[in-house]
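Colleague: Quick one: structure below, then a few questions.
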Amino acid sequence: MSVSLEQNFVRQLQDNQNIIHKICRLYTSGDDEHKDLFQEITIQLWKAFPKFRGESKFSTWAYRVALNTAITLYRKSKRSIATTEYDTTKHFFKAEDYNYEEEEQLKLLYKAVYQLNDIEKALVYMYLEDKNYEEIAETLGISEVNARVKMNRIKGKLKKILNP
């Protein structure tokens, strides 16, 4: 019995939804914005899923789509975002609530990261997720050396922000 495209997508999304939640946390400041961005990223992932060739892990591909969606939407000065309704119950998908309380210890770090530009935020996020520089470079479309140099500069920036 073969798995349908939709079933495969829902399973992959469910297994990797924390990636999307964390990206939403980086690029939004409130619960409603978080939910809107999560929904928009999910829609963009679904639209692009038929073209996913499996040349990289689903999580790497999802990072790239999610980051590009977040960066594109929030570069537009947070103008109103046109979203499409996505009914999770229709797709037999159990959405997990994102627990902000367990992130409380990272509040200062998030506040500092929020001051970085969009690409820097993406790089920090992937670094904190223990992604190696090769995967970071592939996801962001930059060279591995460039990813390392940028990360070192970002570390210095964050030190200045956190220890003025």
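Colleague: How about segment 24-59: which trypsin sites (Lys or Arg not before Pro) there lie in a loop by DSSP and see at most 15 other Cβ atoms within 10 Å?
Modeller: Working: sites: ARG25, LYS35, LYS47, LYS51, ARG53, LYS57; in loops: ARG53, LYS57.
Listed in order of number, the matching sites are ARG53, LYS57.
Colleague: Can you give the FRET efficiency for GLU129 and VAL149, using 1/(1 + (r/R0)^6), R0 = 25 Å, r = Cβ-Cβ distance, to the nearest 0.05?
Modeller: Computed FRET efficiency for GLU129 and VAL149 comes out at 0.80.
Colleague: Right, here's the next one. Starting at the first residue of segment 32-46, write each ³J(HN,Hα) from the Karplus equation 6.51 cos²θ - 1.76 cosθ + 1.60 with θ = phi - 60°, in whole Hz, x for Gly and Pro.
Modeller: Here the 3J(HN,Hα) series is 5, 4, 4, 5, 4, 5, 4, 5, 5, 5, 4, 5, 5, 5, 5 Hz.
Colleague: Something else now. What list of ³J(HN,Hα) couplings, whole Hz, do you get for segment 141-151 from phi and the Karplus terms 6.51, -1.76, 1.60, once you set θ to phi - 60° and write x for glycine and proline?
Modeller: x, 10, 6, 4, 4, 4, 4, 5, 4, 4, 5
Colleague: Now, a different point. In segment 1-59, which GluC sites (Glu not before Pro) fall in coil by DSSP and have 10 or fewer other Cβ atoms within 10 Å?
Modeller: Numbers: sites: GLU6, GLU33, GLU40, GLU55; in loops: GLU55.
Qualifying residues, ordered by number: GLU55.
Here, each number is a calculation from the coordinates, and none is a lab measurement. Predicted, not measured: the structure shown is a model, and the values here were computed from it. Don't worry about glycine lacking a Cβ; one is built from the backbone with ideal geometry, like all the others, and counts go over all protein chains shown.
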